[in-house]
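The values are calculated or read from the model by the stated rules, or taken from the named source; none is laboratory data. Bear in mind the structure is a predicted one, so any value in this text is a computation, not a measurement. Here the Cβ is made from the backbone with ideal geometry for all residues, glycine too, and neighbour counts use every protein chain on show. Keep in mind that these areas ignore ligands, DNA and RNA; they rest on the heavy atoms of the full protein, side chains included. Shrake-Rupley method; radii C 1.70, N 1.55, O 1.52, S 1.80 Å.
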Amino acid sequence: MLASVHTAAIEGVSGYKVEVEIDFVHGFPAILMVGLPGTSVKESRDRIRSAIQNSGVSFPEEKRITINLAPANTKKEGADFDLPIAIGILVAEEVIPAQNASKFGFVGELALDGRVRPVKGILSIVECLKKEGFKGVFVPEENVEQAGVVPGIAVYGVNYLADVVHFLNGTGPLTPYKTDVDELFSRPDEERLDFKDVKGQESVKRALTIAAAGGHNVIMLGPPGSGKTMLARRLPSILPKLTLDEALETTKVHSVAGTKHGMDTLLVHRPFRAPHHSVSAPGLIGGGSNPRPGEVSLAHNGVLFLDELTEFSRATLEMLRQPIEDGSVTISRAAGSVLFPSKLMLVCAMNPCPCGFLTHPTKSCECTQQQIRQYLGKISGPLLDRIDIHLDVPPVDYKKLTVREEAEDSFTIRKRVANARDIQSERLKHERGVYCNAQLSEKQVSEYAPLNAQCEQLLEVAMRQFSLSARAYTRIRRIARTIADLGGSQKIEIDHLSEAIGYRTLDKGTNF
């Protein structure tokens, strides 16, 4: 008998429907698998045989079984196809009625004893099957909370292959699972740090508030121990809360990558990624023979923190330019291209010189001018141009460290940031794909961040004095627009622009 069941596979962070066709023919007993199955898919033959037998159902040992995974021109990877193949075999063997199985999608890895193990990318798979019009989908029990986020399709969590067989035969009940999204968003972030723990550094906190309000990239320079890492790790605590759409986008990336927080539920807090400086280019940008998202995509809708920036490979850093500018990463291979999202805030930290004490108020720097130039030269001008805010982070004075009063907490700062973002959302409501000032194009900057004559004159002087590039000119206006939004001003005033210019200390020709 010929049987057909359905599942979905992952390409990038999106799913596409896969039809699993099973046919029994006369001939030497064997299991033939076609449709460009990868090694992990081919290995499923032995897992499926044992899983079916250990679920109390006989396996058709005396038959020649042909399994086709359509579309046949796309390579299939992973163990996600175990459950649909097993169900297809049982439909072909007439253990399960074909009309019952045709209404559902199936996904899951099978253990030898018939247990259904979790898989990656479940959110994208369920969304795909919903769009294809399926009544419901069977997923591993460990994936059910994440899968249950998708509305409009019944999601059944199963622990064993036998559970699916009994349900499709009408001999065992299963209840569809619906995730309480409101409850997920109400969960506290147990890992969140707070700005109230940071003593001093008021000017840096101000700059980071501006960065959060407009979604601007930041680089911090300061001697060792000045608090650069401490400040960066607290930045997500003042960013606006994720919307449901942002949470779904972010979860898809982490689910496909199989990260710790991407397998079981919806990510409702902005991600913070801090890769070590030894990270490879594919690890940072994404890639591999079967392309997977890198750190820039895992930081989508959150923060990517690069500590000790000059220790990263220059070739790796240069690869950041396109993801930062476009908000996406395209991984091209001979078989095709996949797209991963990368809308993030880039936060970098580095010392001002090799010894680290160039800007220290009491310790003397032992580096020569040549050493300093070579050190700073590890960061290219085009990359710096894509970083909006350049910050000097001085060491904290002893008196400020011993102050008993708590500093302003993240909740208070976040309210100001959220108000500024609300102003931007209202202003940009008719612009497609633009949600904050850092995403404004040159044309949109001219429209939404106009300068009066006094501001134009000041910016002209700064451009000439500091040898600023055209990209820096646009970024200064974006920052000024954000500063005005934080202050509740509809127009950019001279004070807003002056502060914005002050955040470009690393531009070529600038002394700091």
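Which order do the peptides 220-231, 34-45, 281-292 take when ranked by the mean count of other beta-carbon atoms within 10 Å per residue, highest first? If you can, show how the numbers build up before the last one.
Details: 220-231: 20.3, 34-45: 16.4, 281-292: 18.3.
Averaged packing, sorted descending, gives the order 220-231, 281-292, 34-45.
Considering only protein heavy atoms and a 1.4 Å probe, what is the carbon-and-sulfur percentage of the accessible area of the chain?
Details: 11540 of 23240 Å².
Accessible surface attributable to carbon and sulfur in the chain totals 50 percent.
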Ordered by residue, what ³J(HN,Hα) values in Hz, to whole numbers, does segment 390-401 give under the Karplus form 6.51 cos²θ - 1.76 cosθ + 1.60, where θ = phi - 60° and Gly and Pro are x? 10, 10, 9, 10, x, x, 7, 5, 4, 4, 6, 5
Based on the Kirkwood radius over alpha-carbon pairs, what value in µm²/s does the Stokes-Einstein equation return for the translational diffusion coefficient of segment 7-144 at 20 °C and 1.002 mPa s? 143 µm²/s
Segment 296-418: Rg/Rh from Cα coordinates, Kirkwood Rh? 1.06
Sequence-distant or interchain residues sharing an amide H contact under 5 Å with residue 239, placed H: which? none
Cα-Cα longer than 19 Å, checked against 196/400; 42/75; 343/415, kept in input order, equals 343/415
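Rg/Rh for segment 216-351 to two decimals, with Rh computed the Kirkwood way over all alpha-carbon pairs. Let's see the in-between values first.
Values: Rg = 14.8 Å, Rh = 15.3 Å.
Here Rg/Rh amounts to 0.96.
Could you do me a favour and compute the accessible area per residue for segment 70-132, 1.4 Å probe, result in Å²? Could the numbers behind the result be given before it?
Numbers: 2180 Å² over 63 residues.
That works out to 35 Å² for each residue.
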Could you tell me, in Å, what Rg and Dmax come out for the Cα atoms of segment 43-91? 11.4, 35
Cα-based reach from residue 178 at 12 Å (exclusive), listing aspartates and glutamates while leaving out same-chain residues under 8 positions away: 145
Binning at 10 Å from 0, report for the chain what percent of all alpha-carbon pair distances ends up in each bin. 4, 17, 24, 20, 14, 11, 7, 3, 0
Go through 424-436, 490-502 and give me the packing order, highest mean Cβ count within 10 Å leading. 490-502, 424-436
Name the long-range amide H neighbours of residue 117: under 5 Å, sequence gap of 5 or more, or other chain; modelled H, no Pro or chain starts. 109, 110, 111
At what distance in angstrom do the alpha carbon centres of segment 173-214 and segment 377-413 lie from each other? 19 Å
Once every DSSP H run of n ≥ 4 in the chain is given -39500 (n - 2.57) and the sum is divided by its residues, what mean residue ellipticity at 222 nm do you get, rounded to the nearest 500 deg cm²/dmol? -10500 deg cm²/dmol
Lys/Arg Cβ at +1, Asp/Glu Cβ at -1, dipole of the chain taken about the Cα centre: which of 95, 261, 506 is farthest positive-ward? 506
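Provide the per residue accessible area, probe 1.4 Å, for segment 362-425, rounded to a whole number of square angstrom. Show your work: numbers first, answer last.
Details: 4000 Å² over 64 residues.
About 63 Å² of surface per residue is accessible.
Please work out the average accessible area per residue across segment 286-353, using the 1.4 Å probe convention, and give it in Å². Write down the numbers at each step before the final one.
Details: 2410 Å² over 68 residues.
For segment 286-353, the per-residue accessible area is 35 Å².
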Please work out how much accessible surface residue 473 shows to a 1.4 Å probe, ignoring ligands, DNA and RNA, in Å² rounded to 10. 70 Å²
How long, wide and thick is segment 138-211, going by the Cα atoms along their three principal axes, in whole angstroms, largest first? 67, 23, 17
